Amino acid sequence: MRMSSMYLKTLREVPAEAEIPSHIWLLRAGMIRKLVSGVYGFMPLGFKSLRKIEEIVREEMDNSGAQEILMSAIQPAELWQESGRWYAYGPEMFRLKDRSQREFCLGPTHEEVFTDIVRNEVDSYRQLPLNLYQIQTKYRDEQRPRFGLMRSREFIMKDAYSFDRDWEGLNRSYQIMYDAYTRIFNRCGLTFRAVEADTGAIGGSDSHEFTALSEYGESEIAYCDSCDLAATTERAACVDDKYAEEALLAMEEVATPGTKAIEEVAKFLNVDMKKTLKALLFEVFDQDYRFVAVFIRGDRELNMTKLVNALNIPEHAIQFADEVAMGAETGCVGGFTGPMGLHDCKILVDTEAAAAPNLVAGANKVDTHVLNVNYGRDYTADIVTDLKLIKAGDACPKCGAPVKITRGIEVGQVFKLGTKYSAAMGACYKDENMQEQTMVMGCYGIGISRTLAAIVEQNHDEDGIIWPMAVAPYHVIVTLINKDDDAQAKLGEDIYRHLRSAGVEVLLDDRKERPGVKFKDADLLGIPLRITVGKKAAEGVVEYKLRKEKESCDMQWDAAAEAAIRLVRESL
């Protein structure tokens, strides 16, 4: 491709909206353009890299035995109502009505649609196992779109759905997809971890999240160097601290004027925060109860995913309570809430807090706390379960060694759905004895556009993107210092044609621009290899430089071309 005829607009300044490297560099390199908040279009170079990621995904999915189809993004409400997710999915779903007032949604995912297809067309064990996938645009009405392609309202995703006769078959299908994902992300040049994850709104049992390591990632990962523990902090179980034997003391009210925050209470009473009980108050919707009081040890943080799982409600059905409104109904007092005497609310207590002796808790009176509060003797709960968020240094739930925390970008996730959808929607088959059995399902997603952003997050420097060869929009850029110099123009054309004839994707920068502009653009665009044709063109000498390296070297043009061809072939 000749850059003189290319549709390309790079930006010299950092766009005001861009906060993280991938967002900055993809905008500055002219690879994406914003339409409205959370909605981006792909320009020629960005679209080429996006399609290369898609092709890697297709090759590995096809090689694993999956078959590609394409379904509509518009889905009828009846399918979601049948599965029970029309309400459960919540406000992130784009909902619409046609002129006849029939309800639809723009698909955030396609479990219901694929299940509907298979239940209508597969009826025998001989047709199983089956794995169908698509690469398609998805829609989620994010409350706060941010970070460019990382959290957008429209995104490109590969979603696959497996259908098996039994759990043994699902386990095989799951492992096939797990292995395919490992190959995909390796080929994309990502540094990643596959970690245990919560199933969220998709549901099912086991799940693994493929996470590209990045300081800007929204996923937090707990891992252990002493064993194979790797899980999102949402999913990771916590090990409770063990307590020494301690006599249970009598409760005692104490005045704690103006000390609402747990840190203030601990300091005022000169106690360790581990000896305090922290209250968090919530309001829930569309349940047979309205308010929830959660109690955890004062030095701990609440894991909201564990809370909604314990309550068996969707994430959108809970919010922090208005303390005044909750107090009028339950007897709690904002900043001074304790578990004793609460009524008309559901009470949850973390296992570690329930086992801790002689804690300080709110007295449900203004400016008052209670010493020596003990679970079982002084209060009980509706649910006692692990509600803590794991933190660095906590004991590993597998081996006991201290865990570490890192951040990452979720680029893919695999789920064992089991019969969640097939049972609800009647996706059955007849076995060898003509007995009807429920299909056992898995689902497997890859964020194609998010993977593009994750690659840039891991592959950039202060000058721009550094594309891995497999996903670079072009492999080589041939830069003419002076396009009007006959020797340079001829040699540049010769190299350009030679590389193209060898199957190398090459850009020829034949624009009438200053050399500095061309070099800056080459670095910004991140093309893996640059061959510069300059003053030594008459001698057949060019400059050969890898984007990821600072140093360059002079070479005869034919040697440089052959080195480029060899590098491209070895990298793909």
Total formal charge among the other residues, if their Cβ is under 12 angstrom from that of residue 27, Lys/Arg +1 and Asp/Glu -1 | +2
What FRET efficiency do you get for residue 171 and residue 535 if R0 is 45 Å and r is their Cβ-Cβ distance, rounded to the nearest 0.05?
-> 0.10
On the first, second and third principal axes, largest extent first, how far apart are the outermost C-alpha atoms of the range 350-441 in Å?
-> 68, 33, 27
Identify the trypsin sites (Lys or Arg not before Pro) of the range 95-203 meeting these criteria: DSSP loop state and at most 14 other C-beta atoms within 10 Å of the C-beta.
-> 99, 102
Could you pull out every residue, at least 5 positions away or on a different chain, whose amide H is within less than 5 Å of the one on residue 368? Hs are placed 1.01 Å off N in the peptide plane, and Pro or chain starts have none.
-> 256, 363
Counting only backbone N atoms under 20 Å from a point 7 Å out along Cα-to-Cβ of residue 226, the residues of the range 243-277 in range are 243-244
GluC sites (Glu not before Pro) within the range 403-499: which are DSSP loop residues with at most 10 other Cβ atoms inside 10 Å?
-> 432, 462
All lysines inside 20 Å of residue 267 as judged from Cα atoms, apart from same-chain residues fewer than 8 positions distant | 275, 278, 365
Unsatisfied cross-links (Cα-Cα over 18 Å) in the set 9/545; 9/34; 242/388; 274/388 = 9/545
For 100, 449, write out the residues from largest to smallest accessible area, computed with a 1.4 angstrom probe and no ligands counted.
-> 100, 449
In terms of the ratio Rg/(2.2 N^0.38 Å) built on C-alpha atoms, what value belongs to the range 33-179?
-> 1.17
As straight-line cross-link partners of residue 430, the qualifying aspartates and glutamates (C-alpha separation under 18 Å, not fewer than 8 residues apart within one chain) are 116, 121, 123, 164, 166, 168
For the chain, longest principal axis from Cα atoms; helix 448-458 axis from its Cα atoms; angle between them, nearest 10 degrees, is 80
List the relative contact order of the chain as a percent without decimals, with contacts defined as Cα pairs under 8 Å and 6+ residues apart.
-> 17
Pull the list of the chain cysteines that no other Cys approaches to under 4.7 Å, Cβ to Cβ.
-> 105, 188, 238, 332, 345, 428, 443, 553
Contour minus Cα-Cα distance for residue 144 and residue 497 (0.36 nm per residue) = 122.3 nm
Considering the alpha-carbon set of the range 22-62 alone, what are its Rg and its Dmax in angstrom?
-> 12.0, 35
Hydrodynamic radius by Kirkwood for the range 286-361, inverse mean 1/r across distinct Cα pairs, in Å, is 13.4
Computed over the chain, the Cα gyration tensor eigenvalues, each multiplied by 5 and square-rooted, give semi-axes in Å (largest first) of 53, 32, 22
What are the trypsin sites (Lys or Arg not before Pro) within the range 368-468 that DSSP puts in a loop, where the Cβ has at most 12 other Cβ atoms within 10 Å?
-> 377
What are the ³J(HN,Hα) values, in whole Hz, obtained from phi via the Karplus relation 6.51 cos²θ - 1.76 cosθ + 1.60 with θ = phi - 60°, for each residue of the range 321-328 in sequence order, with x given for Gly and Pro?
-> 7, 6, 4, 5, 5, 5, x, 4
Assuming R0 = 60 Å, can you tell me the calculated FRET efficiency for the pair residue 98 and residue 270, based on Cβ-Cβ distance, to the nearest 0.05?
-> 0.35
Pull out a ≥ b ≥ c, the square roots of the eigenvalues of the alpha-carbon gyration tensor of the range 378-429, then state rounded if a/c is under 1.5, prolate if not and a/b is larger than b/c, and oblate in the remaining case.
-> oblate
Taking square-rooted eigenvalues a ≥ b ≥ c of the alpha carbon gyration tensor, is the range 80-126 rounded, prolate or oblate, where a/c under 1.5 means rounded and, failing that, a/b exceeding b/c means prolate?
-> prolate
Expressed as a fraction of 2.2 N^0.38 Å, the rule-of-thumb size for a compact globular protein of N residues, what is the C-alpha radius of gyration of the range 103-216?
-> 1.21
Please give, to one decimal in nm, the separation of the simple spin-label points placed at residue 365 and residue 126, each 7 Å out from Cα toward the Cβ.
-> 7.9
Work out how far the C-alpha atoms of the range 34-114 reach from end to end along every principal axis, then list the three figures in whole Å, largest first.
-> 40, 37, 23
Computed helical MRE - 222 nm, the chain, DSSP H runs ≥ 4 contributing -39500 (n - 2.57), nearest 500 | -8500 deg cm²/dmol
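The values are calculated or read from the model by the stated rules, or taken from the named source; none is laboratory data. This structure is a prediction, so every number in the text was calculated from the model and none was measured. Reconstructed Cβ throughout: ideal geometry from the backbone, glycine too, with neighbour counts over all protein chains shown. These area figures cover heavy atoms from the full protein model, side chains too; ligands, DNA and RNA do not enter into them. Shrake-Rupley method; radii C 1.70, N 1.55, O 1.52, S 1.80 Å.
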